[in-house]
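Please treat every number below as a calculation from the coordinates, not as lab data. These numbers were taken from a predicted model, which means no experiment stands behind them. Because the Cβ atoms are built from the backbone with ideal geometry, glycine has one as well, and the counts that use them run over all protein chains shown.
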Amino acid sequence: MTLFNQERMVYVGNEKGLKAGNGFHYYNPDQVVNGKKMSEWLKFSVAYWHTMDQRLVDPFGDGTAQRPWDNIEDPMEQALAKVDYLFEFLDKMNVEYFAFHDRDLAPEGNTLRETNQNLDIVVDKIVAKMQETGKKVLWNTSSLFTNPRFVAGGATAPFADIFAYSAAQIKHSLEIAKRVNSESYVFWGGREGYESLLNTDMKLEQDHIAKFFRLAKDYANEIGYTGQFLLEPKPKEPTSHQYDTDAATTIAFLKTYGLEKDFKLNLEGNHAYLAGHTYEHEVRVARDAGLLGSLDANMGDKLIGWDIDEFPNDIYEATLVMYEMLKNGGLPTGGLNFDSKPRRQSFDMQDLFFAHAAGMDTYAAGLLVANKLIEDRVFEDVLDDRYSSFKTGIGADFEAGKVTFKDFENYIIDKPQSELIAATKSGHLEQLKSTLNNYIYTVLGR
Ligand code: XLS
Ligand code: NI
Ligand code: NI
């Protein structure tokens, strides 16, 4: 049975010309890069909420998406049909993984019990399909933000019943994580933040969500679910002050509450922009802290101030993010989840194939360039040289912990300005950026 009128995506390189078509130009799953296959470095994942559910709405307009399952009226029937479409899509796209929220899969009932029943029917089908095809779940998560009951948050809600509902919902979601063997479990705190301090006890809310995370981990341990727990930072949307604003804030939160042994971070490109950072900055912050978990591979638009979840197509950015990923030794329990949707005018089914292929090629290209940059020690040599004065003399003594403020004063107090200026060196940033461009042209031009 085939549902989509679409060929399977395979590596075609550029032999048949440079125009994008039905195939990958850079993503060659079996090609070995630094000892591992591309498909092992790049564990791509399809996001259920975008690829299967997203109607391509924007804040001013209804959805434009045209999907083959649109005319199935019964919500449960449609939910079950989408599972078949998903698995055919994964197969034709040559993607191994997918990710989902509980509420992406099935409609809600009137009580949590009814909602869980609907959900379990779809999860049963997913489990069967996974066994049949070998496809895997990169991560699952829970929506504590869409339904009006979460108007003031889930785990930071000022209402005990909503907190209770959230806890019970996550409990069931963790049971699903165990059933589908998710490599990670993600918490994105959609409504976990506040609008105004005038009616918010920020300390209490953060204490609550920290306890909530502890209880979640305890329950995972109790049922033997061993996937990596991840928090996904985002600075705004929907609340003005999200508790997980960016990587640094989220790491500080984890450390404040002693959760850093059990949680890592899932970093998203568009969220980085909204936080006023580059994507590579967010990934570096997490890597430096030993807390890099997974990537939500998407892009923002520098001209639009909201989370547009564009499919990644910026090779420059992908190169720098893949550089961080390689320096991290990969993403042991993570991957590259396309938390991305086609543009509103790219509404037909084929666009979903093209969009994923564009994203996969972008990161494959980034991986190739980043690997060559590391092989040639382009940035490593620059850093060695830039910090070399800490390898000898007063710098080395300081590194060894032998120097006090008094020693520094004795050492420096009579040095004339000319010697101080001579101790500085140009950062040669323009030359370095040109080198980076040159690597991009050359590695990809081969
Ligand atoms: C929203 C988030 C969301 C998470 C999963 O901006 O990116 O999609 O990845 O809840
Ligand atoms: Ni995301
Ligand atoms: Ni997002």
Subject >> Nearest-0.05 FRET efficiency for residue 241 and residue 55, computed from C-beta distance (R0 25 Å) >> reply: 0.30
Subject >> Whole-Å distance, taken between Cα centres, linking the stretch 344-386 and the stretch 59-83 >> reply: 32 Å
Subject >> Sites residue 74 and residue 221, calculated FRET efficiency, Cβ-Cβ separation with R0 35 Å, nearest 0.05 >> reply: 0.35
**OP:** Only Lys, Arg, Asp and Glu count, each charged at its Cβ (+1, +1, -1, -1), so figure out the dipole size of the chain about its Cα centre, rounded to 20 debye.
**Re:** 660 debye
Subject >> Gain upon complete extension [residue 403, residue 160; 0.36 nm per residue less C-alpha separation] >> reply: 82.1 nm
Original post:
Can you list the equivalent-ellipsoid semi-axes of the stretch 177-239, largest first and in whole Å, using the square root of 5 times each Cα gyration tensor eigenvalue?
Top reply: 27, 14, 7
Subject >> Too-long pairs where the Cα-Cα distance tops 24 Å, listed order kept, from 16/82; 43/341; 302/433; 302/425 >> reply: 16/82; 302/425
Subject >> Cα centroid separation - the stretch 404-446 against the stretch 125-196, whole Å >> reply: 47 Å
**OP:** Pull out the extension gain between residue 168 and residue 146, defined as 0.36 nm times the separation in residues minus the alpha carbon to alpha carbon distance; nm, one decimal.
**Re:** 6.3 nm
**OP:** For the stretch 385-399, take each phi angle, set θ = phi - 60°, evaluate the Karplus expression 6.51 cos²θ - 1.76 cosθ + 1.60, and give the result in whole Hz per residue in order, putting x for glycine and proline.
**Re:** 6, 5, 9, 5, 5, 8, 9, 9, x, 4, x, 5, 4, 5, 4
Subject >> residue 268 long-range amide H proximity, modeled H, under 5 Å >> reply: 296
Original post:
Tell me, what HN-Hα J-couplings in whole Hz come from the Karplus equation 6.51 cos²θ - 1.76 cosθ + 1.60 at θ = phi - 60° for each residue of the stretch 110-126, using x for Gly and Pro?
Top reply: 7, 10, 4, 4, 5, 4, 4, 5, 4, 4, 5, 5, 6, 5, 4, 5, 4
**OP:** Using just the helices of the chain, give the 222 nm mean residue ellipticity in deg cm²/dmol: DSSP H runs with n ≥ 4 each add -39,500 (n - 2.57), and the total is spread over all residues, rounded to 500.
**Re:** -14500 deg cm²/dmol
**OP:** Provide the net charge surrounding residue 287, with neighbours chosen by a C-beta distance below 12 Å and charges set as Lys +1, Arg +1, Asp -1, Glu -1.
**Re:** -1
Original post:
Can you give the % of DSSP beta bridges in the chain that are antiparallel, to the nearest 5?
Top reply: 20 percent
Original post:
Residues of the stretch 159-199 with amide nitrogen under 14 Å from the 7 Å Cα-to-Cβ point of residue 256?
Top reply: 193-194
**OP:** Take the Cβ-Cβ distance between residue 34 and residue 345 as r, set R0 to 56 Å, and report the resulting FRET efficiency rounded to the nearest 0.05.
**Re:** 0.90
Original post:
Which one of 6, 78, 54 has its Cα pushed farthest toward the positive end of the charge dipole of the stretch 1-104, where Lys and Arg give +1 and Asp and Glu give -1 at the Cβ?
Top reply: 6
Original post:
Please state the Cα pair-distance histogram of the stretch 5-161 with 10 angstrom bins from zero: what percent is in each bin?
Top reply: 9, 30, 32, 20, 8, 1, 0
Original post:
Arranged by the count of other C-beta atoms within 10 angstrom, fewest first, what order do 93, 76, 322 take?
Top reply: 76, 93, 322
Subject >> Most mobile listed residue (413, 72, 308) in the chain, GNM with C-alpha springs under 10 Å >> reply: 413
Original post:
What shape does the stretch 222-379 take by its C-alpha gyration tensor, where a ≥ b ≥ c are the square roots of the eigenvalues and a/c under 1.5 counts as rounded, a/b above b/c as prolate, and the rest as oblate?
Top reply: oblate
**OP:** At 0.36 nm per residue, minus the direct Cα-Cα distance, what do residue 64 and residue 410 gain on full extension? Give it in nm, one decimal, please.
**Re:** 117.5 nm
